Amino acid sequence: TLRGYGPSSQPDGKPASYHPVRIAHDVVAWARQLSDQPVHLVGHDWGAVVTDIALHLAPECFARSATIAVPPLGAVQNVAWKLPRQLRLSWYMFYFQLRGIADRAVARDDFAFLERLWRDWSPGWAWDPAEMTALKETFRQPGVLRAALGYYRATFNLLLADTILMQKLARAPYDVPLLAITGALDGCMDTRTYDLVDRSLFRAGLRIERIAGAGHFAHQEKPDEINALLVDWLTAR
């Protein structure tokens with residue numbers, strides 16, 4: 001799990017501690033501890049953002065990589081004027097900047113807010129109720145909600161050095177092969193954002209796969225299809 005989603009992984013209550021760049025440094029350190037050889041890296045949602053950054057910070061640590069539900073950073077950076085609909089889909093990101101108000105709203109009625117997001121992000125997906133129960137149990141732990149919202153607050157803080165670095169990396173080339181997976185029905189990150197990706201930046205190769213009938217949680221909605229793609233990609237030579 002990412003930093004902050006357990007009480008023992010919360011360094012403090014500052015949003016800056018949960019900036020994706022900080023988490024990417026965690027991942028790079030983890031990769032180096034795991035092996036002295038390049039490893040494979042796969043990430044979903046915030047994990048996809050972190051994967052993208054980690055590939056830039058330490059490409060020598062990673063052999064191949066895959067991201068799910070969030071396209072490479074450059075496409076996200078250009079989305080405001082090329083795909084205005086994405087701004088409407090991202091309303092919650094702006095709402096989360098309202099400290100105190102958003103925190104109470106997300107927790108109200110036994111975290112009903114989370115169910116709303118899941119319905120919007122993966123329309124038609126009948127998730128296992130145990131998944132939602134486990135998610136809410138996680139958010140009930142001390143500091144987790146504050147940390148989870150901290151990711152959005154740190155990323156939108158344009159004055160942070162980490163945010164400035166992330167914007168710079170969005171324009172940098174990739175030296176690690178990347179498989180980018182998007183659900184065709186994603187109501188969180190419009191699948192058309194993947195059409196904005198600058199393929200010329202991917203010097204080691206880029207493959208984009210659009211999964212029909214899947215939303216934001218494609219790896220849970222279509223596990224067999226996603227697993228087959230990942231195995232094929234990560235074992236390729």
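The values are calculated or read from the model by the stated rules, or taken from the named source; none is laboratory data. Since this is a predicted model, take the numbers as computed values, not measurements. Counting neighbours? That spans all protein chains shown, and the Cβs are built from the backbone with ideal geometry, glycine included. Please note that ligands, DNA and RNA were not included when accessible areas were found on the heavy atoms of the full protein model with its side chains. Shrake-Rupley method; radii C 1.70, N 1.55, O 1.52, S 1.80 Å.
So here's what we get for this one:
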| quantity | calculated |
| --- | --- |
| Label assignment, Kirkwood radius over Cα pairs in Å derived from the structure, set [x] 20.0; [y] 18.8; [z] 18.4 | [z] |
| Amide H contacts of Val39 (H built 1.01 Å from N, under 5 Å, at least 5 apart or other chain) | Phe62, Ala63 |
| Length-normalised contact order of the chain in % [C-alpha pairs under 8 Å, at least 6 apart] | 27 |
| Nearby aspartates and glutamates by direct alpha-carbon distance to Lys168 (threshold 19 angstrom, same-chain neighbours under 8 apart not counted) | Asp52, Asp198 |
| Extreme residue, positive dipole direction of the chain, given options Gly143, Val76, His216 (C-beta unit charges) | Val76 |
| Vicinal HN-Hα couplings computed from phi for segment 67-79 (Karplus, 6.51 cos²θ - 1.76 cosθ + 1.60; Hz; Gly/Pro x) | 10, 10, 5, 10, x, x, 3, x, 5, 5, 5, 8, 5 |
| Karplus (6.51, -1.76, 1.60) ³J(HN,Hα), θ = phi - 60°, over segment 100-109, in Hz, Gly and Pro reported as x | x, 5, 5, 4, 5, 5, 5, 7, 5, 6 |
| 1.4 Å probe accessible area per residue over segment 171-212, in Å² | 42 |
| Dipole magnitude of the chain, debye to nearest 20 (Cβ charges: Lys/Arg +1, Asp/Glu -1, about Cα centre) | 720 |
| Other-chain or far-sequence residues with amide H under 5 Å of Phe202's (modelled H) | Tyr174 |
| Whole-number percent relative contact order across segment 158-237, with pairs defined as alpha carbons under 8 Å at least 6 apart | 32 |
| Where segment 73-134 is the region considered: accessible area per residue in Å², 1.4 Å probe | 58 |
| Loop trypsin sites (Lys or Arg not before Pro), segment 143-220, which have at most 13 other Cβ atoms in a 10 Å radius of their Cβ (DSSP) | Arg171, Arg203 |
| HN-Hα J in Hz across segment 125-142 - Karplus 6.51, -1.76, 1.60, θ = phi - 60°, x for Gly and Pro | 7, 8, 5, 5, x, 5, 5, 5, 4, 5, 4, 5, 4, 4, 5, 6, 5, x |
| Top positive-direction residue, dipole computed over segment 133-237 with Cβ charges, set Ala228, Ala204, Ala161 | Ala161 |
| 5 angstrom amide H check on Ala180, placed H, neighbours 5+ away | Thr67, Arg207, Ile208, Glu209 |
| Fraction of accessible area attributable to carbon and sulfur, the chain (%, probe 1.4 Å) | 55 |
| Extension gain (nm, one decimal) between Glu115 and Ala134, 0.36 nm per residue minus Cα-Cα | 5.6 nm |
| Expected 222 nm ellipticity per residue - DSSP helices of 4 or more, -39500 (n - 2.57), all of the chain, to 500 | -14000 deg cm²/dmol |
| Whole-Å distance, taken between Cα centres, linking segment 167-192 and segment 18-46 | 17 |
